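Accompanying notes for the structure given below.
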Amino acid sequence: MRSLDDLLRHGVKGRRVLVRSDLNVPLTKTDPPAVSDDLRVRASLPVITRLLDHGARVIVAAHLGRPEGEPDARYSLSPVADRLAQLLGRPVEFALDTVGESARLLANELGDGELLLLENVRFNPGETSKDETARGEFARCLAMLTGGEDEGGAFVEDAFGAVHRKHASVYDVAKLLPHYGGDLVRDEVSVLKALTGKPERPYVVVLGGSKVSDKLAVINSLLPKVDRLLVGGGMCFTFLAAQGHEVGDSLLEADQIETCRGFLAQNGHKIVLPTDIVVASDVSADAEPRTVAADAIPSGMKGLDIGPRTVAAFAEVLGSARTVFWNGPMGVFELAPFAAGTKGVAQAVAAVSGLSVVGGGDSAAAVRALHLDGNAFGHISTGGGASLEYLEGKTLPGVAVLEEE
Ligand code: ADP
Ligand code: MG
């Protein structure tokens, strides 16, 4: 994979370079909306800054949320353009469309060291289309914003959070322009390689979050490789149910119970489940939480966090770990009564001496929302889905295409 350094070595002054960044950030519900968590914007700055400093004419393509292939003001990247300009300390031109008149005009007018952000690429149905031709057509329009290869156009892939998607701006466009892996993609992939290669042992994985079904594949491929799997969050209840316990009104994916039972039968000695659970009658900030034994969740109650005994047990396992991957909050950390489990586990992960990796949008958000020191972790990934798919052993299309000539 050619790197950004390779591109800079060839010289980029005056060339138009298309950069796929991951600017998929949460927005506030205010009018107008603003960026409420800018981790991904900050993570995108190094590549953009280096290109601008070398005199490139930078065109950034990115997506936000899941609009349905047509313009939808709720998903406009306009607030992100403002934050980007603020963080860069330079003006950012913002196109009102993806590859339309506005984008083409602004791309043509870019001067050396100037930056253009395109509107949300998912406003165009070609971006996510399953039809190669439709995707290819949109990719060709994106590539032509740089003038194409003959005019010095180049593509830099830096949207780690999107590389598991075979989308036009992530995958197809790399086939049309000389392509380079950005610093963020390089760093993320090298951390994941460390996890999948020969991790130092004990290797402990902590999984939580809301959907077991999303994470079954990763459990399946990780279980043989890890020394311990700690399970908390909404997904622990399907495991508890698999052990035959009542889980009240907690999150439960009944159709996955059998699969969880299989994991327990095969690798039960590696799986650590909660022994106590914080329950409440509803998911609200002024609910009255109670801690109960994990095998005695009262009917009608919801399990919304792991209890203090579980936190201590998880922390003990983490205390001797040399490699840790954590994905998914231990409870509904967004509400104060149910945040202690996530905070306790996060602190234990941060204290690991060895490689600690946090993956997952909500897990990374929890680290910040709970005012934990991000620097204490070895690596906080910007891409939840992408890192999980990599750990499952799947090929990431946006990375694989960079390996091609
Ligand atoms: P990530 O983005 O880090 O991969 P997920 O998206 O899988 O994490 O899950 C995050 C969500 O899981 C959070 O919004 C959190 O409130 C929710 N969650 C965690 N524990 C529970 C629980 N016991 N019941 C319901 N929701 C939960
Ligand atoms: Mg999430």
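The values are calculated or read from the model by the stated rules, or taken from the named source; none is laboratory data. This is a predicted model, so every value here is computed, not measured. Here the Cβ is made from the backbone with ideal geometry for all residues, glycine too, and neighbour counts use every protein chain on show. Note: areas computed on protein heavy atoms with side chains; ligands, DNA, RNA excluded. Shrake-Rupley method; radii C 1.70, N 1.55, O 1.52, S 1.80 Å.
Note on His245 and Ala73: their simple-model spin labels are 4.9 nm apart, each label 7 Å out from Cα toward Cβ. Each Lys and Arg adds +1 at its Cβ and each Asp and Glu adds -1 at its Cβ; summed about the Cα centre, the chain shows a dipole of about 1000 debye.
Ranked by the mean number of other Cβ atoms within 10 Å of their residues, highest first, the peptides 99-105, 44-50 fall in the order 44-50, 99-105. Considering helices alone, the calculated mean residue ellipticity of the chain at 222 nm is -10500 deg cm²/dmol, with DSSP H runs of length four and up weighted by -39500 (n - 2.57) and normalised per residue.
Taking square-rooted eigenvalues a ≥ b ≥ c of the alpha carbon gyration tensor, is segment 63-127 rounded, prolate or oblate, where a/c under 1.5 means rounded and, failing that, a/b exceeding b/c means prolate?
On the way: a/c = 2.85, a/b = 1.39, b/c = 2.05.
Here segment 63-127 falls in the oblate category.
Largest to smallest in accessible area, the residues Cys236, Cys141 fall in the order Cys141, Cys236 (1.4 Å probe, all protein chains included).
What is the chain's relative contact order, in percent, from Cα pairs under 8 angstrom and six or more apart in sequence?
Details: 902 pairs, mean separation 61.0, N = 405.
Contact order relative to length: 15 percent.
Glu200 contributes an accessible area of around 100 Å² to the protein surface, as traced by a 1.4 Å probe with all chains present. Sort segment 134-191 into rounded, prolate or oblate with this rule: let a ≥ b ≥ c be the square roots of the eigenvalues of the Cα gyration tensor; rounded if a/c is under 1.5, and if a/c is not under 1.5, prolate when a/b is larger than b/c, oblate otherwise. The shape class here is oblate.
Go ahead and run the numbers for FRET between Ala369 and Asp150, Cβ-Cβ distance against an R0 of 41 Å, rounding to 0.05. Numbers along the way, then the final one.
Values: r = 48 Å, r/R0 = 1.18.
Efficiency, rounded to the nearest 0.05: 0.25.
The local environment of Asp37, defined by Cβ-Cβ distances under 11 Å, has a net charge of +2 under the rule Lys, Arg +1 and Asp, Glu -1.
For Glu68, neighbours were defined as the other residues whose beta-carbon sits under 13 Å from its Cβ, and their charges (Lys and Arg +1, Asp and Glu -1) total 0.
For an R0 of 25 angstrom, estimate the FRET efficiency from the Cβ-Cβ distance between Arg322 and Asp187 and round to the nearest 0.05.
For R0 = 25 Å, the calculated efficiency reads 0.75.
Comparing Asp53, Asp131, Asp38 in a Gaussian network model of the chain (Cα springs below 10 Å), the most mobile by mean-square fluctuation is Asp131.
The length gained on full extension between Glu109 and Ala194, counted as 0.36 nm times the residue separation minus their Cα-Cα distance, comes to 26.3 nm. Calculated FRET efficiency, Thr395 and Thr291, Cβ-Cβ r, R0 56 Å, to nearest 0.05? The pair Thr395/Thr291 has a calculated efficiency of 0.80.
Could you compute the net charge surrounding Leu273? Neighbours are other residues with a C-beta less than 13 Å from the C-beta of Leu273; K and R count +1, D and E count -1.
Values: positive: Arg228, Arg261, Lys270, Arg309; negative: Asp276, Asp295.
Summing Lys and Arg as +1 and Asp and Glu as -1 gives +2.
For Met235, Met144, what's the largest-to-smallest order of accessible area, 1.4 Å probe? Could you put the intermediate results ahead of the total?
Values: Met235 0, Met144 100 Å².
So the residues, ranked largest to smallest area, are Met144, Met235.
Normalising by the residue count of segment 18-114, find the relative contact order in percent from Cα pairs under 8 Å and 6+ residues apart. Reported as a whole number, the value is 31 percent. Using 0.36 nm per residue and subtracting the Cα-Cα separation, the extra length available between Lys29 and Lys175 on full extension is 48.8 nm.
How long are the semi-axes of the equivalent ellipsoid of segment 249-349, defined as square roots of 5 times the Cα gyration tensor eigenvalues? Whole Å, largest first.
Details: eigenvalues 100, 73, 27 Å².
Ellipsoid half-lengths, sorted descending, are 22, 19, 12 Å.
Fully extending the segment from Ser221 to Glu334 would add 37.7 nm, taking 0.36 nm per residue of separation and subtracting the current Cα-Cα distance.
Using a simple spin-label model with pseudo-atoms 7 Å out from Cα toward Cβ, Val283 and Gln347 lie 2.6 nm apart. The mean accessible area for residues of segment 25-182, using a 1.4 Å probe and ignoring ligands and nucleic acids, is 43 Å² per residue.
Summarise the long-distance tail of P(r) for segment 166-269 by giving the % of C-alpha pairs beyond 24 Å.
On the way: 2275 of 5356 pairs.
Tail of P(r) above 24 Å: 42 percent of Cα pairs.
How do Asp227, Asp373 stack up against each other in accessible area, from largest to smallest, with a 1.4 angstrom probe? Working shown, then result.
Values: Asp227 50, Asp373 95 Å².
The ranking, largest first, comes out as Asp373, Asp227.
Here the spin labels are modelled as points 7 Å beyond Cα on the Cα-Cβ line, and at Arg9 and Ser36 they lie 4.5 nm apart.
When the accessible area of segment 259-405 is split by element with a 1.4 Å probe, what percent falls to carbon and sulfur?
The value for segment 259-405 is 52 percent carbon and sulfur by accessible area.
Listed by chain and number, the lysines placed with their C-alpha closer than 27 angstrom to that of Lys394 are Lys130, Lys166, Lys175, Lys193, Lys198, Lys211, Lys215, Lys225, Lys270; residues fewer than eight positions away on the same chain are left out. With an a/c value under 1.5 for the gyration tensor axes a ≥ b ≥ c computed over the alpha-carbon atoms, segment 33-185 is described as rounded.
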